[in-house]
Amino acid sequence: MRKISVKTKVAHGVGAMALSAKDAAFINFVPFFYTQVAGLSGTLYGWAAFIGQLSDAITDPIFGTLSDNARSRWGRRHPFMIASIIPLVICFILLFNPPKGWHGIALFLWLAGVAIALRTSLTVFVIPHMAFGAELSEDYEERSLIVSYRTLLAWIGGVALPALALVFIFSRTADGADGRLVASNYNFYAWASAVVVIIVILWTVFFTRKEIPHLPPPGAQRKLKLLDPVRDVISALENRNFRRLFIVFLFIGATTGVIVTLGYYANTYFWEFSAPQVGLILSSSVIGVGIGFAILRPVAARFEKKHIFIGAMVVLVVNGIWWYGARLIDILPPNGAPILFYLAILHQIILSGAVMMQQTISGSMVADIVDEHEVETGGRRDGVFFAALGFSAKIPTGLGQLVGGTLIDVMGIETGLEPGEVPEDVLWNLGLVTGPLVSLSLLLPIWLLIAYNLDRRRHAELRAMLGRSDLPAQPSA
C-alpha cells in the first residue's frame, strides 16, 4: 500500500485551520460581540445562530453530493476548495462589521444573513477537504493518523488565533476599558481571520494536488436530480453503524451549542479571568492536543476506535463536573487567586486532549463506515457521509445555541457589564448550566456507542471484499 508522506498529511491538515478560524470566531467572539457590544438580545442572537446552523446542515449534503459527482483534471475535491476562498474572506470581514446604527430585528437579520453566507462558503471547502482526507488511505490505522494531523493542526489554528487576539487585541485599553467591549477591536480580528483563511486554503490546495492521480477512482458519474442529496443521506443512514454515530453527534451537537454560547460568558463573568488570561488558558490547549496526538497512535494500535471514543467522552464528563462543580459547592479559591488560573489551565489541557482524540477517532470511524457502505451498495460516497455527519451535529448545535442565547436573557445577563457586576444568583445558574448539566448530558451518547461494531477485524474483512487486502489484518483488541 502506498505510504502517505508527513508533508502531505501536514498539507491536508493545514486546511482544517479554515474551519478553525470560523469556530474560533463563533466560540470566542461572535456571541459576546453581538450581545454585549452591538446590543442584540441573547434570544435574537440564539435564533440567528440557529438559522445559520440550519442552513449549514442543509448545504452540507448538497455539496457532499456535488463533490462526489464532480470530475475535472484537478480531481473531484480541489476545485471546490479553490472556489471557497473569496466568499470566505468577504464573509469574515462582514461578520464583525454590521452597519452602524442597526439594532433589534435589523441587526438580527444581518447576523443571520452573514452567518448563512459564511457557513455556506465554508461548506464548499470543508466537505470536499474532509472527503479528500478519507480517500488518501485505505488502511485502518493510517486513516486515524491522517485525521490526527488534521485535528492537531485544526486545534493549533483554533487556539492560536483567538489566544493571540485576546492577549494583543482585546487586552485593556489605555484608559482601563475592557478590550472585549471595544467594537473596533473586532474589525481588526476579522481581517486577521481572513488572512489566515487565504493562506491555509492555498497551502492545502497547492501541496496536496500531487495526490489527485493516486486517489480511488470515483464511481459512475450520475445525472444529479434535486432530491439526490436527500436520497444520499437516507442511504447513508441505512448503515447501522453510521446511524448510531449520527445519533451520538445529535447529542454532542446540542451540548456543544450551549457551551459555544455560554463558555465565553463563563470565563468573563463566572471565573472573572481577564482577556490575556483567557488567551493563555486557550493557549494551554496546545499542550493537551499535543499529548493526545502523541498517545493516539499507540492507543489506536491497541484499542478499538469505539473504545477510544467512549474513553474520551467519559473524560469530558468528569472534567466538566469537577471544574464547575467544585466552584458551585464553594471549595475552590476565590476569583483572582493565582492557583485558580493554574487549575483552569489544567482543566483546559484535559478538555482539549480528550476532544482532540474524540474528533480524530470519529473522523477515522466515518472513513471505515464508507468502506462498509461501499461493500453493501457498490457505490463510494465519502462526501455524503461526512456531510451527513456534519448535518447530525449542526442542527442540534444550532438548537443548543438558541437555548444558550435564550438563557442569557432568562438569567438576566445585561448588555455591557464589566466582570464583577453580574449578580451572584445569575453566576450560580451560569455555572450550573455550563458545567454539570451540559457534562451529564453526554452520558446518553456514551451508552449508544457501546453497540457500534465496526472493529479492526471487520474492517480487514471489508478490505478483502473490496480487493484491498494488501496489509495484514491485526487482531481485534
Problem - Additional length obtainable on full extension of the chain from Asn187 to Val230, 0.36 nm per residue less Cα span - result: 11.6 nm
Practice task
For the range 355-367, just list the computed ³J(HN,Hα) in residue order, Karplus coefficients 6.51, -1.76 and 1.60, θ = phi - 60°, integers in Hz, with x standing in for Gly and Pro.
Solution key: 5, 4, 5, 5, 5, 5, 5, 5, x, 5, 5, 5, 4
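So, R0 is 41 Å and r is the distance between the beta-carbons of Ile93 and Ile339; what FRET efficiency does that work out to, to 0.05? Intermediate results must be reported in sequence, preceding the final value.
Values: r = 41 Å, r/R0 = 1.00.
Between Ile93 and Ile339 the formula returns 0.50.
Taking neighbour Cβ counts within 10 Å as the exposure measure, how do Arg77, Arg209 sort from fewest upward? Walk me through the intermediate numbers first.
Working: Arg77 27, Arg209 13.
Result, fewest neighbours first: Arg209, Arg77.
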Exercise for the section: Would you work out which of Ser137, Trp110, Leu152 lies farthest towards the positive end of the dipole of the range 90-155, given +1 charges on the beta-carbon of Lys and Arg and -1 on that of Asp and Glu, about the Cα centre? Expected result: Trp110
Practice task
Using the charge dipole of the range 295-403 (Lys, Arg: +1 at Cβ; Asp, Glu: -1 at Cβ; taken about the Cα centre), state which of Ala354, Gly378, Ser392 has its Cα farthest towards the positive end.
Solution key: Ala354
Practice task
Among Ala16, Ala165, Phe309, pick out the residue whose Cα is farthest towards the positive end of the charge dipole of the chain, where Lys and Arg carry +1 and Asp and Glu carry -1 on C-beta, about the Cα centre.
Solution key: Ala16
Handout entry: Projected area averaged over orientations for the chain, convex hull of C-alpha atoms, nm²
Key = 21.2 nm²
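Within the range 44-85, which chymotrypsin sites (Phe, Trp or Tyr not before Pro) sit in a loop by DSSP and count at most 10 neighbouring Cβ atoms inside 10 Å?
Details: sites: Tyr45, Trp47, Phe50, Phe63, Trp74, Phe80; in loops: Trp74.
When the chymotrypsin sites (Phe, Trp or Tyr not before Pro) of the range 44-85 are filtered for loop state and at most 10 Cβ neighbours within 10 Å, nothing remains.
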Completion exercise
The aspartates and glutamates whose Cα lies under 17 Å from the Cα of Lys210, excluding any fewer than 8 residues away in the same chain, are Glu135
Exercise for the section: May I ask for the Kirkwood hydrodynamic radius of the range 171-330, worked out over all distinct Cα pairs and given in angstroms to one decimal? Expected result: 21.2 Å
Handout entry: Spin-label model distance (nm) - Arg297 vs Ile247, 7 Å beyond Cα toward Cβ
Key = 3.6 nm
Fill in the blank from the handout: One finds the C-alpha centres of the range 321-353 and the range 2-19 to be spaced, in Å, by 35 Å
Exercise for the section: Take the alpha carbon atoms of the range 169-195, find their center, do the same for the range 30-67, and report the distance between the two centers in whole angstrom. Expected result: 22 Å
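Using 0.36 nm times the number of residues separating Leu437 and Leu237, minus their current alpha carbon distance, what extension gain do you get?
That works out to 69.1 nm of additional length.
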Completion exercise
At R0 = 30 Å the Cβ-Cβ FRET efficiency linking Leu346 and Glu414, nearest 0.05, sits at 0.40
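Counting other beta carbons within 10 Å of each Cβ, put Val182, Val315 in order, fewest first. Don't jump to the answer; show the numbers that get you there.
On the way: Val182 14, Val315 17.
Lowest count first: Val182, Val315.
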Exercise for the section: Evaluate the distance, in nm, between pseudo-label points positioned 7 Å from the Cα of Leu328 and of Ala83 along their respective Cα→Cβ axes. Expected result: 4.7 nm
Fill in the blank from the handout: Rounded to whole angstrom, the alpha-carbon centroid of the range 377-449 lies from that of the range 237-275 at a distance of 4 Å
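I'd like the FRET efficiency for His214 and Thr377, computed as 1/(1 + (r/R0)^6) with the beta carbon distance as r and R0 of 22 Å, rounded to 0.05.
Working: r = 24 Å, r/R0 = 1.09.
Calculated transfer efficiency: 0.40.
Laboratory data are not the source of any read-out in this text; all were calculated from the coordinates shown. Since this is a predicted model, take the numbers as computed values, not measurements. Counting neighbours? That spans all protein chains shown, and the Cβs are built from the backbone with ideal geometry, glycine included.
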